[in-house]
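Student: Once you've had a glance at the structure underneath, I'll fire off some questions.
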Amino acid sequence: MQPQTDSRAAAERESRLLIGVSVSLGCFMVICILLAVLVVGVALLWTLEGQLGPGGLLPSLTHHAGWLALGA
């Protein structure tokens, strides 16, 4: 005689597994999106630093806005 499989318990296990997989994929997607935003921000900053010359971004900002200048 074969043991009876409890279909309800199997369905609950499968449901928990699917929920766990979807939560994991969701977290992975959020991490990837945050990483992409960070990379784009760094790339834009790097581009601005290169186009503003040797002084970079911060001296340019402090020159145009006197209240930002530290000690000047």
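Student: Does at least one position in region 26-42 carry a residue that is modelled with pLDDT under 90 and either surrounded by fewer than 10 Cβ atoms within 10 Å (Cβ to Cβ) or β-branched (V, I, T) (or both)?
Tutor: yes
Table: residues versus (1) touching a helix residue (DSSP H, G or I) at 6+ places or on another chain (Cβ under 9 Å); (2) at pLDDT 85 or above.
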| residue | (1), (2) |
| --- | --- |
| T5 | no, no |
| R8 | no, yes |
| G50 | no, no |
| L70 | yes, no |
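The values are calculated or read from the model by the stated rules, or taken from the named source; none is laboratory data. All of these numbers come straight from a predicted model, not from anything done at the bench. Cβ coordinates were reconstructed from backbone atoms using ideal geometry, including for glycine residues, and neighbour counts include every protein chain displayed.
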